[in-house]
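Written below as structure tokens is the structure these notes are about.
The values are calculated or read from the model by the stated rules, or taken from the named source; none is laboratory data. Remember, it's a predicted structure, so these values are computed and weren't measured experimentally. As a convention, Cβ positions derive from the backbone with ideal geometry for all residues, glycine included, and neighbour counts pool all protein chains shown. Accessible surface areas use protein heavy atoms only, side chains included; no ligands, DNA or RNA. Shrake-Rupley method; radii C 1.70, N 1.55, O 1.52, S 1.80 Å.
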Amino acid sequence: MPKPAPASPPEAPKDCPLCPRLHGFIAANRLAHPDWFNGAVPSFGEASGRLLIVGLAPGLQGANRTGRPFTGDYAGDLLYSTLDKFGLSTGTFKARPDDGLKLKDAMITNAVRCVPPENKPTGAEILTCRPFLISRIGAMPKLKVLLALGRIAHDSTVRALGGKPSANVFGHARRHVLEGPNGPLILHDSYHCSRYNTNTGRLTEEMFHNVFAGMRKDLDG
Ligand code: URA
């Protein structure tokens, strides 16, 4: 069983030991791929930003390989092209952490910071990692808008803000108002921009762009 996390900094240490299963999975991947990042992936972007995007967890060959959220797998291609379209990044995304891309007014984090086997963190792992999300939110003094990518990210974000998922039910393109540490926060939901969701048509590029258009209005309004 993972250990309950004490009061946390906003970023997990790279060799975070709190979830034995994830720690062991990363250790095995380190042996197989010593040149990969293989650690708790830190959030990326501006802590002074007004937008925080919350993903699920690093992908094995994406963020766990490169060390930057959503970098190196398909989910990132749609996310970063959309950030660019809505003026939330500068530079060119080349799916490498040294591509020089910068986020503007935004940060990307994950509900679970370490790669889980089969992209499926357990409930206990999500709970154990939540203090980092709580601290991440608390360390963004200008935060106004959050985007949850998928239900797990949504539920963990709602709980991080002291809310109940039963009173704030996840749904694609839903918008919720919750109380944050420094005042009200607007939480937007989207289906996760995974290859599975886009290949099956559950999430189209247009649907994803529409969610960003709504967030842009909240940021600009
Ligand atoms: N990469 C991440 O960092 N998070 C996700 O949720 C998916 C891919």
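Phi angles of segment 38-49 translate, via the Karplus equation with coefficients 6.51, -1.76, 1.60 and θ = phi - 60°, into HN-Hα couplings of 6, x, 5, 7, x, 4, 10, x, 9, 5, 8, x Hz per residue; Gly and Pro are given as x. Distance from the alpha carbon centroid of segment 143-188 to that of segment 84-113 works out to 21 angstrom. If you average the C-alpha positions of segment 191-221 and of segment 50-78 separately, how far apart do those two centres end up, in angstrom? Answer, in whole Å: 16. In the context of the full set of protein chains, segment 20-220 has a per residue accessible area of 43 Å² (1.4 Å probe). Calculated FRET efficiency, Asp84 to Asp15, Cβ-Cβ distance, R0 = 35 Å: about 0.60 to the nearest 0.05. Electrostatic tally near Phe170: other residues with Cβ closer than 15 Å to its Cβ, Lys and Arg +1, Asp and Glu -1, net +4. Hey, quick one: spin label on Tyr196, modelled 7 Å out along Cα-Cβ, who in segment 121-142 has an amide N within reach, i.e. under 17 Å? Under 17 Å, as judged by backbone N against the label point of Tyr196, lie 121-123, 126 of segment 121-142. Along segment 126-136 the Karplus relation, 6.51 cos²θ - 1.76 cosθ + 1.60 evaluated at θ = phi - 60°, assigns HN-Hα couplings of 5, 5, 5, 7, 4, x, 5, 5, 4, 5, 4 Hz to successive residues, with x for each Gly and Pro. Here's how it looks for Cys16: its modeled amide H is under 5 Å from those of Ala40, which are all 5 or more places away or on a different chain. Using the Cβ of Val145 as centre and a radius below 11 Å, the other residues enclosed give a net charge of +3, where K and R count +1 and D and E count -1.
Dividing the convex hull volume of the alpha-carbon atoms in the chain by its residue count gives 111 Å³ per residue.
Under 14 Å from the Cβ of Val115, count the other residues' Cβ atoms, weight Lys and Arg +1, Asp and Glu -1, and hand me the total.
+3
Packing-based ranking of 15-21, 77-83 yields 77-83, 15-21, ordered from highest to lowest mean Cβ neighbour count within 10 Å.
Karplus-based coupling profile of segment 209-221, in residue order and whole Hz: 4, 5, 5, 5, 4, x, 5, 4, 4, 5, 5, 7, x, with θ = phi - 60° in 6.51 cos²θ - 1.76 cosθ + 1.60 and x standing for Gly or Pro. Straight-line cross-link reach from Lys144 at under 19 Å between alpha-carbon atoms covers these aspartates and glutamates, not counting any fewer than eight positions away in the same chain: Glu46, Asp105, Asp155, Glu179, Asp189, Asp218, Asp220. Annotation: amide H of Gly180 within the under-5 Å range of Leu185, sequence separation 5 or more or interchain, hydrogens built in the peptide plane. Under the criterion of Cα pairs below 8 Å and six or more residues apart, the relative contact order for the chain equals 22 percent.
Can you pull the percent of the chain's accessible area that's carbon plus sulfur, 1.4 Å probe, other chains left in place?
Working: 5490 of 9950 Å².
On the chain, the fraction of accessible area on carbon and sulfur atoms equals 55 percent.
Extending 7 Å from the Cα toward the beta-carbon at both Lys164 and Thr122 defines two label points whose distance is 2.7 nm. Exceedance of the 27 Å cut-off in Cα-Cα distance is limited, within the set Lys14/Lys94; Lys14/Lys85; Lys94/Lys164, to Lys14/Lys85; Lys94/Lys164.
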